[in-house]
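Participant: Starting off with a structure, shown below.
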Amino acid sequence: MKISVFGMGYVGCVSAACLADEGHEVIGVDINESKIEFINSGKSPIIEEGMDDLVRRVVEKGRLVATMDTKKAINESEITMITVGTPSKDNGDLDLTYVERVAAKIGSLLANKDGFHIIVLRSTVLPGTTEDFLVPILEESSGKKIYVDFDVYFNPEFLREGSSIKDFYNPPFTVIGTHDPSASSKLDELYGFIDAPFFKTSIKSAEMLKYVNNTFHGLKVAFANEVGMICKRLGVDSHEVMDLFCMDTKQNLSSYYLKPGFAFGGSCLPKDIRALKYKSKMLDYDSRIINSIMPSNENQIDEALRMIYATKKKKVGMLGLAFKAGTDDMRESPLVTVAETLIGKGYDLKIFDKNVVFAKLTGANKAYIEREIPHISNLLATSMEEVYNFADVLVIGSKDPDIEYIATMDTDKTVIDLVRIVDDLSDTSGNYNGLCW
C-alpha cells in the first residue's frame, strides 16, 4: 500500500519505518527540515535501539522517503496516518494545535484529489476528538463528506520507548476505532502481518483505551511505590512482597475486580484498607493512593443515591442487600448504606434478596440484622414480585440471574442497575439506567 505519515516524531518514525520494512511505500512528512534530511540520508531522527539500521535499510530499498511536500504526500498515498504531538496545556488539557493544523492541511489537499482516501489518527487524544474535532475540520477544509469521499479511523499505539520496534510487531492487540466495527477495511490488510488479537470498536472507546492504559500504568507505579515506602518503615523487603503479589494472576494481575460497577463491601476489603491506611499514618507516611480508595468507593454509593433522587419517585424496590451475589453477608454492604440513607430521607422501601430473607437467617447474620439493622428487616419482602408490584423505582444490586429479566422487560418503572446485570445493553428497556455505563 501507499502510506503517508504526518509527524516524524517517536510514533510516526517507528510506524513509518516498520510499515516500510513490510513492503509498503511510505512517505514521512514533517515540518522539521533536519528530520527530513536525517531520514533521507538513512539515519533515524530518534534515539531508539534498532532504528538506525531499520531506517537505513528501508531508505536504501526506496520504501521510505521523507518530505516537507504535503501535496506530494497526499497525492501519492491512499492512507494517511496522523502522528503529531498532543502536548499538555498549563491547565492539563490537551493542546490540539498540531492536530488542527495537519487536519486542515490534509483536508485542503483532499479537495483537489480524486478517489477515496483513508485518514488514521494515531496521536493520543481524548474521547470525542476524532469525531467532534478532526472530522469537521477535514470536511470543512476539503468540501467533501466523510464515508463518501474519505474515511477516518482511530488507531491507538502501544509503543514503549526503548522497545518500540519489538512492541510494534508484538503488541498486546491491535485496536481500530471505526464508525462501523462490523465492516472490513484496508486496515485489516495493513496490519495482517502482526500476530496479535485484532479488535474493532467504536472510535470513542479506542480513544479512551489509550488513556485507561497509561493511567493504570501510572497507578501501578505509584501504588508499588507506596507499598515500598510503607514496607521500608516496617523493615519489610518490598520487592519480596511485590514479587509474591505478582505471582497471583487469578486476582491480583488479572481482569478480576476490573469491571466498572457498584461499591465494594464485605468483611475484608474495607477493614484491611482502613488498617493499612492507619498504619501508614502512624509511620508518618502520606499514602495518597491508599488513602483515596475508601472515599472513591463512597463516591459510587453517592452516585447511586443521586440517580435514585433524580427520579423524583418515593417508592423504591431494592433487589439485593448482601455485599455481593451468592452470599447473605451484609457486613459493610454498600446496599445497606443505600437502604439506610433512603429510609432516613423518607423513602418507602421494600427489599428482596433471596439469600437474605430474614426467616432463613441464622447465626451471625441473624444477629447482625437484629443488632445493626433491625429497621431494615421489617422491609424485607419474601418475593421479587412483591417488590416489583410495590415499587416505582427498581434498584438492581445483585447479579442474581433470577432477576435479570427486569432489565430487559418493557415496563413503566424506572430501573437503576448497579451491577450491569446484562452484557448487551441493546436488550434493555427505555427506562433502564446503568450506574456507570
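Participant: Would you check which residues across the stretch 135-189 are of a type in the set (Phe, Trp, Tyr) and touching a Phe, Trp or Tyr at 6+ places or on another chain (Cβ under 7 Å) and list them?
Facilitator: Phe150, Phe173
Participant: Tell me, please, whether a residue that is in the same structural domain as Val357 (by TED's automatic domain parsing), assigned to a loop (DSSP other than H, G, I, E, B) and in contact with a helix residue (DSSP H, G or I) (Cβ under 7 Å, 6 or more places away or on another chain) can be found in the stretch 305-316.
Facilitator: No.
Participant: Determine whether the stretch 281-294 contains at least one residue that is among the polar types (S, T, N, Q) and either assigned by TED's automatic domain parsing to the domain that holds Ile421 or not in a loop (DSSP other than H, G, I, E, B) (or both).
Facilitator: There is at least one residue in the stretch 281-294 that is among the polar types (S, T, N, Q) and either assigned by TED's automatic domain parsing to the domain that holds Ile421 or not in a loop (DSSP other than H, G, I, E, B) (or both).
Participant: Among the residues of the stretch 295-323, what is the count of those that are basic (Lys, Arg) and more than 17 Å from Ile351 (Cβ to Cβ)? Talk me through it step by step, then tell me what you get.
Facilitator: Step one: filter the stretch 295-323 for residues basic (Lys, Arg), giving 306, 312-315.
Next, from what is left, pick out any that are more than 17 Å from Ile351 (Cβ to Cβ): 306, 312.
Number satisfying all stated conditions: 2.
Participant: Do any residues in the stretch 77-94 that are of a type in the set (Lys, Arg) have Cβ atoms under 6 Å from those of residues that are at pLDDT 95 or above, where the two are at least six apart or on different chains, and which pairs are they?
Facilitator: What qualifies is Lys89/Asp95.
Participant: Let me ask you something else. May I ask you to say which residue of Gly115, Gly28, Gly107 is free of Cβ contacts under 8 Å to residues at least 60 places away in the same chain and assigned to a loop (DSSP other than H, G, I, E, B)?
Facilitator: Step by step, each of Gly115, Gly28, Gly107 is checked, and only Gly115 is free of Cβ contacts under 8 Å to residues at least 60 places away in the same chain and assigned to a loop (DSSP other than H, G, I, E, B).
Participant: Continuing with this model, one more query. Go through (1) at pLDDT 95 or above; (2) among the charged types (D, E, K, R); (3) surrounded by fewer than 20 Cβ atoms within 10 Å (Cβ to Cβ) for Asp417 and report which single condition fails.
Facilitator: Going through (1) at pLDDT 95 or above; (2) among the charged types (D, E, K, R); (3) surrounded by fewer than 20 Cβ atoms within 10 Å (Cβ to Cβ) one by one, Asp417 breaks only (3).
Participant: Further question: Within the stretch 202-250, take every residue that is among the small types (Gly, Ala, Ser) and not in a helix (DSSP H, G or I) and give me the one that is surrounded by the fewest Cβ atoms within 10 Å (Cβ to Cβ).
Facilitator: Selected residue: Gly235.
Participant: Taking Asp423, is it within 37 Å of the chain's Cα centre (by Cα) and assigned to a helix (DSSP H, G or I)?
Facilitator: no
Participant: When the stretch 378-400 is examined, which residues are found to be surrounded by fewer than 17 Cβ atoms within 10 Å (Cβ to Cβ) and either polar (S, T, N, Q) or at pLDDT below 90 (or both)?
Facilitator: Within the stretch 378-400, Asn378, Thr382, Ser383, Asn389 qualify.
Participant: If you take the residues of the stretch 134-183 that are of a type in the set (Lys, Arg) and in contact with a helix residue (DSSP H, G or I) (Cβ under 9 Å, 6 or more places away or on another chain), which of them is farthest from Thr97 (Cα to Cα)?
Facilitator: Arg160
Participant: Can you tell which of Ile146, Ile165 is farther than 30 Å from Lys113 by Cβ, at pLDDT 95 or above and surrounded by 16 or more Cβ atoms within 10 Å (Cβ to Cβ)?
Facilitator: Only one candidate qualifies: Ile165.
Participant: While we're looking at this one, here's another question. Picking from Asp417, Asp427, which residue would you name as being touching a helix residue (DSSP H, G or I) at 6+ places or on another chain (Cβ under 9 Å), of a type in the set (D, E, K, R) and under 25 Å from Met330 (Cα atoms)?
Facilitator: Working: Asp427 fails: under 25 Å from Met330 (Cα atoms).
After applying the criteria, what remains is Asp417.
The values are calculated or read from the model by the stated rules, or taken from the named source; none is laboratory data. Fair warning: this is a prediction, and the values are worked out from it, not measured in the lab. Here Cβ is always computed from backbone atoms with ideal geometry, including for glycine, and neighbour counts include all displayed protein chains.
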